[in-house]
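Asker: Below are the structure tokens for one structure; questions will follow.
Bear in mind that the values in this text are calculations on the coordinates, not laboratory data. Note that the structure is a prediction, hence the values are computed from the model and not measured. Backbone-built Cβ (ideal geometry, glycine too); neighbour counts: all protein chains shown.
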2 protein chains.
Amino acid sequence: MKNLIIYSGGMDSTTLLYEYKDNIALAVNFNYGSKHNEREYEYAKYNCEKLNIPLLKINLDFMKYFKSHLLKDGGDIPEGYYTEENMKKTVVPFRNGIMLSVAVGLAESNGLKKVLIANHFGDHAIYPDCRSDFIKHFKKAAFYGTWENIEISAPYTNLTKREVALKGKKLGVDFSKTYSCYKGEKLHCGRCGTCVERLEALDGLKDDTKYKDTEYWKKVINRKT
Amino acid sequence: MKNLIIYSGGMDSTTLLYEYKDNIALAVNFNYGSKHNEREYEYAKYNCEKLNIPLLKINLDFMKYFKSHLLKDGGDIPEGYYTEENMKKTVVPFRNGIMLSVAVGLAESNGLKKVLIANHFGDHAIYPDCRSDFIKHFKKAAFYGTWENIEISAPYTNLTKREVALKGKKLGVDFSKTYSCYKGEKLHCGRCGTCVERLEALDGLKDDTKYKDTEYWKKVINRKT
């Protein structure tokens with residue numbers, strides 16, 4: 001029981017939560033002011049209560065000084081395939097660096113040894129702080145920058161979203177109890193980058209999530225870059 | 001004018017501010033709930049106004065979940081030589097990792113390319129996230145974790161506090177307009193680790209700072225480890 005998990009309430013981190021549930025002492029949910037953080041939190045709370053894992057919500061109020069369409073005060077969320085150039089608008093600069101740093105400090109303050117994060121291969125095209133080069137160097141920074149040599153574990157770094165979805169299914173995750181849509185409305189839009197990625201990953205698998213548009217993703221997968 | 005500086009209002013970052021003043025677009029002061037952050041901020045404000053550099057104050061409210069004697073809710077500040085074992089109580093876990101991460105995100109959001117930080121050699125004994133190994137790997141994490149390959153510059157990593165003090169003097173820094181004491185009272189105590197280090201570094205140099213105790217440091221420098 002020595003692990004801390006960065007837990008959004010989305011598909012990937014929920015799968016990670018279920019995979020490591022017996023060794024997680026604390027889940028940390030970050031609200032950085034995105035359009036969808038509050039929806040995600042509802043499901044983070046649901047799954048942590050189900051698994052009896054303590055959940056700590058951390059507000060990063062300073063993100064109001066950051067620029068990204070993902071944030072409440074940012075522009076509209078782009079629609080399309082998730083590797084397209086315009087998806088870069090949804091990058092929140094160095095978000096994983098910030099969440100990992102806070103998590104490392106929290107872990108050391110609470111006598112925990114390891115921080116789990118659920119970045120996966122599908123994030124790599126758009127989000128530099130999800131790539132293996134970033135993770136590799138940040139791991140060493142955390143190791144050398146703490147008295148307890150806190151460890152970072154990012155076991156999905158080279159898994160596709162589809163592979164994460166299949167893993168989640170095996171673990172019994174109910175994906176309708178996770179939230180992904182960047183628009184943050186009650187129903188998943190089915191058209192933003194993360195909805196398209198989610199629908200593609202869950203294609204053919206049982207999924208009780210309600211989407212506004214269930215057809216759009218099939219049209220845009222041909223625009224893969 | 002492409003640099004952002006992490007600026008506490010202490011001796012080291014004030015020296016760095018003066019050294020790079022012509023290339024600093026934004027100074028960022030972090031309040032992480034320490035006993036001395038508010039005193040530091042007064043001097044950060046003073047020096048930034050003097051040099052006409054914009055200063056942004058960032059509150060890290062989540063630090064209330066961290067454990068350190070440096071924090072308002074932590075235990076008493078230890079007195080003695082700054083490399084002694086009991087000084088570890090003043091470590092705020094991964095504080096530099098957190099401040100650097102936020103600074104990197106802010107830099108990228110504001111079109112700035114480089115983050116300056118004033119960690120120095122005297123910090124190495126007690127603070128793992130001031131050492132060159134941490135800085136080296138964090139630099140790479142920031143480079144790979146951002147679209148603009150944000151650079152970290154920590155030019156004092158291998159300078160002693162004395163060398164920083166001499167540099168500051170050459171640059172015309174008035175050290176009585178900087179604040180160091182971990183206790184956070186109006187007068188510097190002269191007995192905590194950082195006051196002892198400050199007095200040792202400024203020995204023989206003009207220093208109009210008022211200290212409660214100006215003799216204690218001379219007794220404890222013999223306890224150097």
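Asker: In region B:28-56, what count of residues is obtained for those that are closer than 25 Å to B:LYS2 by Cβ, without any contact (Cβ under 8 Å) to a residue 60 or more places away in the chain and touching a helix residue (DSSP H, G or I) at 6+ places or on another chain (Cβ under 6 Å)?
Answerer: 3
Asker: Could you list, in sequence order, all residues of region B:111-147 that are polar (S, T, N, Q) and facing chain A (nearest Cβ under 8 Å)?
Answerer: B:THR146
Asker: In the set B:ILE58, B:ILE53, B:ILE98, which member is within 20 Å of B:TYR18 (Cα to Cα) and β-branched (Val, Ile, Thr)?
Answerer: B:ILE53
Asker: One residue is enough: does region A:154-166 have a residue meeting the conditions touching a strand residue (DSSP E or B) at 6+ places or on another chain (Cβ under 7 Å) and closer than 25 Å to A:LEU51 by Cβ?
Answerer: No, because not a single residue in region A:154-166 is touching a strand residue (DSSP E or B) at 6+ places or on another chain (Cβ under 7 Å) and closer than 25 Å to A:LEU51 by Cβ.
Asker: Looking at A:ASP22, A:ASP61, can you tell me which residue is within 26 Å of B:PHE30 (Cα to Cα) and free of Cβ contacts under 8 Å to residues at least 60 places away in the same chain?
Answerer: A:ASP61
Asker: If only one of B:ILE126, B:ILE135 is closer than 29 Å to B:GLY97 by Cα, touching a strand residue (DSSP E or B) at 6+ places or on another chain (Cβ under 9 Å) and not aromatic (Phe, Trp, Tyr), which one is it?
Answerer: B:ILE135
Asker: Has region A:7-19 got any residue that is within 14 Å of chain B (Cβ to nearest Cβ) and either surrounded by fewer than 23 Cβ atoms within 10 Å (Cβ to Cβ) or in contact with a Ser or Thr (Cβ under 8 Å, 6 or more places away or on another chain) (or both)?
Answerer: no
Asker: Could you check how many residues of region A:72-108 are buried (at least 17 other Cβ atoms within 10 Å of the Cβ) and within 11 Å of chain B (Cβ to nearest Cβ)?
Answerer: Looking only at that region, the number is 19.
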